[in-house]
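Enquirer: Below: one structure in structure tokens.
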Amino acid sequence: MKWMYVLALAACASAPPPPAAHQLPADARLVDHGGSAFVAAERFRGQVVVLDFWATWCKECRQTIPQVARLAEAFASSGLVVVGVNEGESPADVMTSARDLGIAYPIALDPELAFADRMGAQSLPMLVVIDRSGAVVHRARRVDRETLAVIRKLLAK
């Protein structure tokens, strides 16, 4: 009888999340604030990119957004591209929150959370650093010393 209980629990368990991408998926799409879909790998090819996965309801995201904004401003002249990727919220809510939070860097929408799932961003906030070849080289929950070191190294190349 005990083994039936274990089997029942195992059957109810959700599938593990897919493994995080090690490369920006060639066919992964995001939506810009105007509602147009674009392929992230094509748009960001040849650039050093920080993707900041966030949501308006995420308290910790609200704490890291000022860090990300300072990062975007500090490294813009060096060619760093910072994009806020909102997870699953309406464009109107996202743009209102972005304005209220002082986000000046570009915002992309992930309405179905498909991009976030493929990138391994199941918990928020999540920063993903991508090198010029499209490889995911670093993940972090906030802008920390290690994140800054990775970005500086990538921009120096």
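The values are calculated or read from the model by the stated rules, or taken from the named source; none is laboratory data. As the structure is a prediction and not an experimental result, all values here were calculated from the model. When we count neighbours, we look across all protein chains shown, and the Cβ atoms used for this are built from the backbone with ideal geometry, even at glycine.
Enquirer: Taking ASP93 as meeting all but one of (1) of a type outside the set (S, T, N, Q); (2) buried (at least 17 other Cβ atoms within 10 Å of the Cβ); (3) closer than 17 Å to HIS33 by Cα, write down the number of the exception.
Expert: (2)
Enquirer: Take ALA72 and decide whether it is at pLDDT below 95 and under 23 Å from SER36 (Cβ atoms).
Expert: In short, no.
Enquirer: A further question on this structure: Are any residues in region 19-69 over 19 Å from ILE130 (Cβ atoms) and in contact with a Cys (Cβ under 8 Å, 6 or more places away or on another chain), and if so, which ones?
Expert: Within region 19-69, just ALA55 meets the criteria.
Let's see how each residue does on (1) of a type in the set (D, E, K, R); (2) touching a Gly at 6+ places or on another chain (Cβ under 9 Å):
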site	(1), (2)
GLN67	no, no
ASN86	no, no
ALA98	no, yes
GLU112	yes, yes
ILE130	no, no
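Enquirer: Here's a follow-up. Counting just the residues of region 32-90 that are of a type in the set (Ser, Thr, Tyr) and out of contact with any Asp or Glu (no Cβ under 8 Å at 6 or more places or on another chain), which one comes out farthest from LEU127 (Cα to Cα)?
Expert: Per the stated criteria, the residue is SER36.
Enquirer: Return the residues of region 143-157 that are surrounded by 17 or more Cβ atoms within 10 Å (Cβ to Cβ) and either under 16 Å from the mean Cα position of the chain (by Cα) or farther than 16 Å from LEU51 by Cα (or both); say none if nothing qualifies. Steps first, answer last, please.
Expert: To start, the set of residues in region 143-157 that are surrounded by 17 or more Cβ atoms within 10 Å (Cβ to Cβ) comprises 143, 147, 150-151, 154.
Selection gives VAL143, THR147, ILE151.
Enquirer: Quick check, is LEU101 of a type outside the set (Gly, Ala, Ser) and in contact with a Cys (Cβ under 7 Å, 6 or more places away or on another chain)?
Expert: Working: of a type outside the set (Gly, Ala, Ser): yes; in contact with a Cys (Cβ under 7 Å, 6 or more places away or on another chain): no.
Criteria not met by LEU101.
Enquirer: Does THR64 satisfy the condition of being at pLDDT 95 or above and over 22 Å from ASP32 (Cα atoms)?
Expert: no
Enquirer: Say whether the condition of being in contact with a Phe, Trp or Tyr (Cβ under 7 Å, 6 or more places away or on another chain), within 20 Å of LEU24 (Cα to Cα), crowded, with 19+ Cβ neighbours inside 10 Å and at pLDDT below 95 is met by at least one residue in region 120-141.
Expert: Checking region 120-141: at least one residue is in contact with a Phe, Trp or Tyr (Cβ under 7 Å, 6 or more places away or on another chain), within 20 Å of LEU24 (Cα to Cα), crowded, with 19+ Cβ neighbours inside 10 Å and at pLDDT below 95.
Enquirer: Name every residue in region 101-112 that is more than 20 Å from ARG45 (Cα to Cα) and surrounded by 15 or more Cβ atoms within 10 Å (Cβ to Cβ), in order of residue number.
Expert: First, the residues of region 101-112 that are more than 20 Å from ARG45 (Cα to Cα): 101-104, 111-112.
Hits for region 101-112 are LEU101, ILE103, PRO111.
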